[in-house]
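*Asks:* After the structure tokens below, expect a handful of questions from me.
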Amino acid sequence: MKKYTHILFDLDHTLWDYDRNVQESLSELYEVYHLVESGFASAYDFTQAFYAVNFKLWAMYDVGKIDKQGLRETRFKLIFKHAGLDEIWASDAMEADFMHRTSSKNHVLPYTFEILDYLKPQYGLHIISNGFNESQFKKLDASGLSPYFDLVITSETTGHKKPDPRIFQYALDQLKIQHTDTIMIGDNPNSDILGAIRANLDNVYFDPHGKGIEYEPTYTIRHLKELEGIL
């Protein structure tokens, strides 16, 4: 087994429970903004419309077809449009409120703290994320994850997004280490695993739902505690 000295973690969907935190926030928005009056029959319908639009927007962001401002200015307008409802309900305040509520949520995925407590004495732990600076740092603080990580790298800081190997090289340069010294752990087949492969990094594909992957990761796990058998 290879001996690593550093570990790069993705944040959303890997440690921080994106789905639970987002769904809670959207349910709160549904009530606060009285969205039943807008035409959404339930918070579930509102959430489903959010996912349909948000996934496409982030896919566009990852390949440079939209920037941060464009994503945030259009997200809720497109959600209402997607549902065939009046976009007038999608105020700037709703987007700001969503970002504040979601980033302030503290739910993490199963075994997160157990595995970080296990790894922290042995490795340098770091975050590498395509998320935006203010939201990612707020998530880390709100969830109690901040103390575990020495370096937090975002695409906004580096100007490069996973799977671009330059964001991984930026991490190696900042840490003054070689690619053989570290391993990347993440849930996204493209940004995390393909990115790590392009950067010549060993990697762990976190696949809790058994979706599979077209690439060949170094390791695959279904829950975070399995890292104890790798690291």
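*Asks:* Pop the C-beta distance of residue 34 and residue 56 into the FRET formula with R0 = 30 Å and round what comes out to the nearest 0.05.
*Replies:* Efficiency for this residue pair is about 0.70.
*Asks:* Helix 165-175 against the longest principal axis of the chain: what's the angle in degrees, Cα atoms only, rounded to the nearest 10?
*Replies:* Computed tilt is about 60 degrees.
*Asks:* Any chance you could look up the accessible area of residue 81 with a 1.4 Å probe, heavy atoms only, rounded to 10 Å²?
*Replies:* Accessible surface of residue 81 is approximately 130 Å².
*Asks:* What pairs from 161/211; 105/138; 2/211; 65/162; 3/120; 2/162 go past 19 Å between their alpha carbons?
*Replies:* 161/211; 2/211; 2/162
*Asks:* For the chain, what % of the accessible area comes from carbon and sulfur atoms, probe 1.4 Å? Before the final figure, lay out each step's value.
*Replies:* On the way: 5620 of 10950 Å².
Answer for the chain is 51 percent, counting heavy atoms of protein chains only.
*Asks:* Specify whether the C-alpha gyration tensor of the stretch 104-231 places it in the rounded, prolate or oblate class, a ≥ b ≥ c being the square roots of the eigenvalues: rounded for a/c under 1.5, otherwise prolate if a/b is larger than b/c and oblate if not.
*Replies:* On the way: a/c = 1.29, a/b = 1.03, b/c = 1.25.
Note, shape of the stretch 104-231 comes out rounded.
*Asks:* Is the C-alpha gyration tensor of the stretch 143-189 telling us rounded, prolate or oblate? Criteria: a/c under 1.5 is rounded; beyond that, a/b larger than b/c is prolate, otherwise oblate.
*Replies:* Values: a/c = 1.37, a/b = 1.18, b/c = 1.16.
It is rounded, given that a/c, with a ≥ b ≥ c, falls under 1.5.
*Asks:* Looking at the square roots a ≥ b ≥ c of the eigenvalues of the Cα gyration tensor of the chain, which shape do they give, rounded for a/c under 1.5, prolate if a/b is larger than b/c, or oblate?
*Replies:* prolate
*Asks:* Could you tell me which of 183, 116, 140 has its Cα farthest along the dipole of the chain towards the positive end, charges placed at Cβ (Lys, Arg +1; Asp, Glu -1), taken about the Cα centre?
*Replies:* My answer, from the dipole projection, is 183.
*Asks:* In degrees, nearest 10, range 0 to 90: what is the angle between the Cα axis of helix 133-143 and the longest Cα principal axis of the chain?
*Replies:* 80 degrees
*Asks:* Moving on. Of the beta bridges DSSP finds with both residues in the chain, what % are antiparallel, to the nearest 5?
*Replies:* 5 percent
*Asks:* Would you give the gap between the C-alpha center of the stretch 100-136 and the C-alpha center of the stretch 166-229, rounded to a whole Å?
*Replies:* The distance from the Cα centre of the stretch 100-136 to that of the stretch 166-229 comes to 15 Å.
*Asks:* Per-residue accessible area for residue 100 at 1.4 Å probe radius, Å² rounded to 10?
*Replies:* Solvent-accessible area, nearest 10 Å²: 100 Å².
*Asks:* Taking a probe of 1.4 Å, how large is the accessible area per residue of the chain, in Å²?
*Replies:* Per-residue accessible area for the chain comes out at 47 Å².
*Asks:* Return the distance in nm (one decimal) between the two label points of a simple spin-label model at residue 65 and residue 222, each offset 7 Å from Cα along Cα→Cβ.
*Replies:* Reported label-point gap for residue 65 and residue 222 is 3.5 nm.
*Asks:* Also, I was wondering about something else. If you filter the stretch 145-231 for trypsin sites (Lys or Arg not before Pro), then keep DSSP loop positions with at most 16 other Cβ within 10 Å, what is left?
*Replies:* 176, 211, 222
*Asks:* Return one number: the angle in degrees, 0 to 90 and rounded to the nearest 10, between the long axis of the Cα atoms of helix 43-62 and the longest principal axis of the Cα atoms of the chain.
*Replies:* The answer is roughly 50 degrees.
*Asks:* Grab the other residues whose beta carbon is less than 11 angstrom from that of residue 73, score K and R as +1, D and E as -1, and report the net.
*Replies:* Every neighbour counted, the sum reads +1.
*Asks:* Counting only the heavy atoms of the protein chains, how much of residue 74 is accessible to a 1.4 Å probe, in Å² to the nearest 10?
*Replies:* Here the residue's solvent-accessible area equals roughly 50 Å².
The values are calculated or read from the model by the stated rules, or taken from the named source; none is laboratory data. Note that the structure is a prediction, hence the values are computed from the model and not measured. Reconstructed Cβ throughout: ideal geometry from the backbone, glycine too, with neighbour counts over all protein chains shown. Quick note on the areas: whole protein, heavy atoms, side chains included, nothing else; ligands and nucleic acids left out. Shrake-Rupley method; radii C 1.70, N 1.55, O 1.52, S 1.80 Å.
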